[in-house]
Amino acid sequence: MVATAPQASNEAVPSKVPAVTLAFWIIKIAATTVGETGGDTVSMTLNWGYLAGSILFAVALVALVAAQILAKGFNRWLYWATIIASTTFGTTLADFADRSLGIGYLGGSLILFACVVGVLLAWWRALGSISVDTVSTPRAEAFYWAAITFSQTLGTALGDWMADDGGLGFLGGAGVFALGLAITTALYFWTRVSRVLLFWIAFILTRPLGATVGDFLDKPLAHGGLAISRPLVSLGLGLFILACLLILPQRPGRHPASATA
């Protein structure tokens with residue numbers, strides 16, 4: 001009996017993360033903003049402090065990532081809950097490192113940028129791709145959520161560095177990151193730059209954009225903010241995200257199946 005050669009399948013395999021659409025970016029920016037205001041609510045308004053806040057959100061993040069990996073397929077509620085947990089954890093952890101440990105915004109940004117690049121390189125070397133459409137196995141998911149968490153933490157440090165040490169203020173910092181996103185979008189539509197690279201650039205830039213917008217909304221007037229209640233802003237953003245998930249379409253990304261034996 002002669003075995004037949006394996007045939008490559010062109011069938012698309014659903015990813016366990018959402019397809020990258022306009023709806024994805026709208027929800028992502030809102031999630032990064034609520035991560036800033038929500039993290040500050042726990043660590044500052046409720047006086048938990050940065051360390052205790054980081055531990056709280058770390059526990060939630062680990063539990064949600066585990067649930068995400070164990071899930072059989074894409075679940076929009078679970079996915080975005082995990083994103084919000086990663087961005088609130090990123091807020092408190094970055095503040096703890098930058099302020100409590102004295103690393104500083106620039107030092108923290110450089111360390112975290114190196115961590116993001118390191119995870120992406122390790123992911124690429126291990127699996128041959130860092131495209132989010134390939135996130136359909138536990139190993140790929142582990143790399144994905146590590147990259148997400150480091151990028152969320154980087155965004156907080158980078159946003160604070162631009163707004164405070166850079167002297168641009170919250171609106172100025174938000175303007176710089178919004179411009180960066182506009183340039184990335186232009187590169188996507190009018191050049192042949194790697195779509196995977198542009199995705200990760202945009203993903204990283206949305207975090208400091210959300211951080212500076214969140215700070216602008218809830219920081220005191222004397223510091224250049226609007227002094228809106230942090231819990232109130234967080235609640236409003238949470239309701240906005242909920243409405244988006246109910247109204248805007250959410251579907252899993254897809255990638256071609258590999259050859260099967």
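For the chain, modelled as a Gaussian network with Cα springs under 10 Å, which listed residue fluctuates most, S234, S151, S131?
S131
For helix 230-247, what angle does its Cα long axis make with the longest principal axis of the chain, in degrees from 0 to 90 and rounded to 10?
Orientation of helix 230-247: about 30 degrees from the principal axis.
Per-residue ellipticity at 222 nm for the chain, helices alone: DSSP H runs ≥ 4 residues times -39500 (n - 2.57), over residue total, nearest 500 deg cm²/dmol?
My calculation for the chain gives -22500 deg cm²/dmol from helical runs alone.
Hey, in the GNM for the chain with a 10 angstrom Cα cutoff, which one of A178, A122, A94 fluctuates hardest?
Highest fluctuation among the options: A122.
With θ set to phi - 60° and the Karplus curve 6.51 cos²θ - 1.76 cosθ + 1.60, what are the ³J(HN,Hα) couplings of the stretch 78-84 in order, to the nearest whole Hz, using x for Gly and Pro?
Going residue by residue, I get 5, 4, 6, 5, 5, 4, 5 Hz, with x marking Gly and Pro.
What residues qualify as long-range amide H neighbours of S15, i.e. H under 5 Å apart, gap of 5 or more or another chain, H built at 1.01 Å from N?
G253, R254, H255
Rounded to whole Hz and in sequence order, give me ³J(HN,Hα) for the stretch 164-170 from the Karplus expression 6.51 cos²θ - 1.76 cosθ + 1.60, θ = phi - 60°, writing x for Gly and Pro.
8, 5, x, x, 8, x, 5
Loop only per DSSP, at most 10 neighbouring Cβ atoms within 10 Å: give me the chymotrypsin sites (Phe, Trp or Tyr not before Pro) in the stretch 170-205, ordered by residue number.
Nothing satisfies the criteria.
Just so you know, all these numbers are worked out from the coordinates, no wet-lab data involved. Every value quoted in this text rests on a predicted model; they were computed, and no experiment measured them. Note that we place each Cβ from the backbone using ideal geometry, even for glycine, and neighbour counts take in every protein chain shown.
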